[in-house]
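In what follows, a structure is listed as structure tokens, so that the remarks can point back to it.
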Amino acid sequence: MIGLGTMGAGIAEVLAAAGRTVIGVDADQAALDRGRTIVETSTGRALERDKITADQRTALTERISYHTDFAAVADAEVVIEAVSENLELKRSIFTRLGEVARPETLLATNTSSLPITDIAVASGRADRVVGVHFFNPAPVQRLVEVVKTVLTAPSAQTQALELVNDLGKTPILCGDRAGFVVNALLVPYLNRAARLYQDGCATAAQIDEAMVAAGNPMGPLALIDLVGLDVTVSALDRMYSETRDRRHAPVALLAALVSAGRLGRKTGQGILLQAEPRPAPLIDRSAELPDALLLPYLNDVCRMVEIGYATPEVIDTGMSLGCRMPRPFDVLADLGPAAVLAGQQQIFAATAEPGDRPALLLERLAAAPDPAAALTELRAMA
Ligand code: CAA
């Protein structure tokens, strides 16, 4: 495991919990100590919640060793990199891995926002490189996105899928596109929530409570603090650079908080944890919730299916196991395609954002003689 920050330490814990010997590598002793503390805190919580016994916790932590020397991974079967989202740093690590790792070693990156192909080519053996994208908190979320590039060998893809299954997680296979499946749907939703808050349309509590009432385990603003504002902004930047959809440009408030070093839970201050209380909204638009956030998200879900990037089943698995959100196609079925379309048409009329245009697939579903049956048929597609 290269990099023992929030995600790296979480992945190390998952590997060790599944009985693997984990060689943890980070830049210096301070980084290793932070990583060890993250594993101790998380396994402590797992113990408190009766997820593991004290003996299992001891065995798990003893399976992880800590190193500052890269050569420690020379004999590893799999190397997973989870350093911060910096392309040059990741490329230099993959160049090093190409030199020190065995030729048959599976090389994986946990990046959520950088092109995996750009990282893979730096290794000189891009056929052995995949993305394995875990979700935060890694020990809790059951999903891992396995990302193949145009250069990934089928054997490396199979090995990655098997690894994820062995860890007790569920993989979904994705192409190397901005956001993969889950973040491509999640981060635009988070950005939209941040915009409502920034623009004073509703209070933070109103936004988060409305989305919790809609069945999510936490509100979008609390989730931004959990994921990290830096990670959220990087993921949005990558999406924006690929889609040129203005809705994907990180809102000014998020960008400013990142510049200020307020990155969320990991730094103690973030979007919810701000030093100054915000003034009450001038025009309270909280009555538009949860539709203002939910309907564009469902519309994006339909568009992702429409373009053939993911099936309804893959999207449902992704959102429910990656983020513990309700399965989007269950929500669509509950609300009904016609009601979702009508609401989205209103949103599009108000925003005039091309990205808010109702998806063709949503229009087709709503126009079907029996929309519920059309939706059931769509969900059965392989
Ligand atoms: N180890 C093992 N299990 C743990 C644990 C730990 N350290 N911490 C919590 N759990 C378990 C609990 O035992 C509980 O399990 P059951 O459901 O089986 O009872 C479950 O996790 C949830 O526990 P709580 O409700 O007590 O959780 P909490 O309030 O401490 O934490 C949360 C809640 C798990 C964070 C939950 O709110 C959640 O899932 N939120 C959504 C998080 C999300 O969306 N993550 C994905 C973000 S996107 C991302 O990461 C990708 C990216 O690239 C940006």
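Observations, loosely collected:
- Ignoring lysines fewer than eight residues from K51 along the same chain, the ones with Cα atoms less than 30 angstrom from its Cα are K169, K266.
- Inter-label distance, nm, simple model (7 Å from Cα along the C-beta direction), R285/R49: 3.5 nm
- Protection-proxy order for peptides 37-50, 324-337, each taking the mean of Cβ atoms within 10 Å per residue, highest first: 324-337, 37-50
- Peptides 55-61, 348-354 ordered by packing proxy, namely the average of other Cβ atoms within 10 Å per residue, highest first: 55-61, 348-354.
- FRET efficiency, N86 to S241 (Cβ-Cβ, R0 25 Å, nearest 0.05): 0.95
- Helix 229-243 and the longest principal axis of the C-alpha atoms of the chain enclose an angle of approximately 70°.
- For q = 0.09 Å⁻¹, Debye-computed log10 I/I(0) when each Cα of the chain counts as one equal scatterer: -0.54
- The distance separating the Cα centre of segment 307-340 from that of segment 139-157 comes to 21 Å.
- Listed residues Y189, G228, A210: farthest to the positive end of the dipole of segment 176-231 (Cβ charges): Y189
- Cα gyration tensor shape of segment 210-307, rounded if a/c is under 1.5, else prolate or oblate by comparing a/b with b/c: oblate
- For segment 182-286, the relative contact order is 35 percent, taking Cα pairs closer than 8 Å that sit 6 or more residues apart in sequence and dividing their mean separation by the residue count.
- Nearby aspartates and glutamates by direct alpha-carbon distance to K90 (threshold 14 angstrom, same-chain neighbours under 8 apart not counted): D26, E81, D118
- Separation between Cα centres of segment 180-239 and segment 357-380, rounded to whole Å: 27 Å
- A71 versus R102: modelled label distance in nm, points set 7 Å from Cα along the beta carbon direction: 1.8 nm
- Potential lengthening between A333 and Y309 on full extension [0.36 nm per residue; Cα-Cα distance subtracted]: 6.6 nm
- Residue of A359, A122, A367 that the Gaussian network model of the chain assigns the largest fluctuation, springs spanning Cα pairs under 10 Å: A367
- Whether segment 291-379 is rounded, prolate or oblate, judged on the alpha carbon gyration tensor where a/c under 1.5 counts as rounded: oblate
FYI, it's all coordinate maths here, none of it is from the lab. The structure presented is a predicted model; accordingly, all values stated were derived computationally and were not measured. Using ideal geometry, Cβ is built from the backbone for each residue, glycine included, and neighbour counts are taken over all protein chains shown.
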